[in-house]
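Here the structure comes first, spelled out in structure tokens, and everything after it is commentary.
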Amino acid sequence: MFHELFQNHNWDAVKSSIYQKTAKDVESALTKNDRSLEDFKAFVSPAAAHYLEEMATLSQAITQKRFGKTIQLYIPLYLSNECQNICTYCAFSMDNKIPRRTLSPGEIYMEAEVIKSMGYEHVLLVTGEASKIVGVEFLEQAIRQLKPHFANISMEVQPLEQEDYQRLIKEGLYAVLVYQETYHQDVYRNYHPKGKKSNFQYRLDTPDRLGRAGIHKIGLGTLIGLEDWRTEAFFTGLHLQYLEQHYWKTKYSLSFPRLRPISTKDAVDGTIETQQFYMKDRELLQLICAYRLFNEQVELSLSTREEPYFRDHVIPLGITSLSAGSKTNPGGYIVEPQALEQFEISDERSAFEMVKVIERQGYEAVWKDWERCYAT
């Protein structure tokens, strides 16, 4: 289990090691073909900021060699904002007095029709963490209902048991995204004071359960802004390396969600800022390139949390998938567009507009690249 490896690494010691990396370490790492976690530390260190152009050029070349000039498009479908956890950074937090809603099968179908009309074949199902309301039975029904309409169904929901994942895989589940939020165990409880999510190790072990269940793809990441992003990146890289060694038949993706303002019923202007550890755009680009130089195979995804200008300019530099036209509230596409969102998005352009942006850069927008029947 990953937690056994994780316990051998001290947060403060890792952080100190990263910040002690020098320009010589970065230059050495750039010359290698097979890079270690020590090289990855150099790429995410402050010293690497002066080598961003070299990193970006190499990241672009590696990405095109492995993935071609393609960008996969996906869209989230929020099924429920019910949640039994208190998370200090999330609008769905149990202590946030917002109207709660879980879509009915009919409403799920209505939302799906709108998404299909946009051209999407890859859909990401999202819920709050409320096992009694949106548990395995609910997810099973939703996947069964949507499977005839989409080539690829992924989900980002509460961590489940191995047998639950196996059950959903049989229905057509393709991938699961499970973010640790922060790998800093000492502060994790401060951000998650109540609910099942407060169990740090249970969440940490989720990718292991997914790997043993035989999921096709696992998505990892942290919520950038909760802690030092450089140290978080090391532990994410450590986790990725471990999983690839133990579950080598599974594909992997990484996401880069930066904290965004959240909607509340009590804030004066309707939103509150949640950022604790700020990350500049150049630093996010550095992180994207660092992951690509560390791992040529991993998929890198960027959501509509990011501003249009930034998203447009990182398309050629390592990213392999984008969302567009996203809504982060249940029913946001047609059923109840005015409901409070989980977080504010930054890029409100439609899928059609995003395709044009991708094509102007000489890339191809991919709507469908995998279907279960291809693997049989």
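Annotation: segment 121-207 has a Kirkwood hydrodynamic radius of 13.8 angstrom, from the mean reciprocal C-alpha pair distance.
Between Cys87 and Ser93, Met94, Asp95, the built amide H atoms are under 5 Å apart, and every one of these is 5 or more places off in sequence or on another chain.
Calculated accessible area for segment 2-368 comes out at 41 Å² per residue, all protein chains present (probe 1.4 Å; ligands, DNA, RNA ignored).
Extending 7 Å from the Cα toward the beta-carbon at both Asn190 and Ser346 defines two label points whose distance is 2.4 nm. With R₀ set to 22 Å, the beta-carbon distance separating Lys97 from Ile133 gives a calculated FRET efficiency near 0.80. Loop-resident chymotrypsin sites (Phe, Trp or Tyr not before Pro) (DSSP state other than H, G, I, E or B) in segment 145-182 with no more than 15 further Cβ atoms inside 10 Å of their Cβ are absent. Projected label points at Thr88 and Asp34, each 7 Å from Cα along the beta carbon direction, are separated by 4.4 nanometres. Between Ala61 and Lys368, the FRET efficiency estimated from the beta carbon spacing at R0 = 30 angstrom works out to 0.70. Shown for the chain: the carbon plus sulfur share of the solvent-accessible area, taken with all protein chains present and a 1.4 angstrom probe, equals 48%. Please identify every one of the trypsin sites (Lys or Arg not before Pro) in segment 116-149 that sits in a loop by DSSP and has no more than 13 other beta carbons within 10 Å of its own beta carbon. Answer in residue order: Lys132. Charge dipole (Cα centre; +1 on Lys/Arg Cβ, -1 on Asp/Glu Cβ; no other charges) of segment 2-368 amounts to roughly 500 debye. Checking every one of the GluC sites (Glu not before Pro) in segment 100-162 against DSSP loop status and a limit of 16 other Cβ atoms within 10 Å picks out Glu161. Kirkwood radius, segment 8-86, all distinct C-alpha pairs, inverse of mean reciprocal distance: 15.7 Å. Once you reduce segment 303-331 and segment 153-221 to the center of their Cα atoms, the two points are 23 Å from each other.
Entry note, the chain: relative contact order of 24 percent, from Cα contacts under 8 Å with a spacing of 6+ residues.
Distance between the modelled labels on Gln145 and Phe277, one decimal in nanometres: 3.9 nm (7 Å Cα→Cβ projection).
Evaluated at 10 °C with a viscosity of 1.306 mPa s, what Stokes-Einstein diffusion coefficient in µm²/s does the chain have when Rh comes from the Kirkwood expression over alpha-carbon pairs? Rounded, D is 75 µm²/s.
Label point of Lys249 set 7 angstrom out along Cα-Cβ; within segment 151-167, amide nitrogens under 16 Å from it belong to 163, 165-167.
The values are calculated or read from the model by the stated rules, or taken from the named source; none is laboratory data. Source: prediction; values computed, not measured. Here Cβ is always computed from backbone atoms with ideal geometry, including for glycine, and neighbour counts include all displayed protein chains. When the accessible area is computed, the model is the full protein with side chains, heavy atoms only, and any ligands, DNA or RNA have been set aside. Shrake-Rupley method; radii C 1.70, N 1.55, O 1.52, S 1.80 Å.
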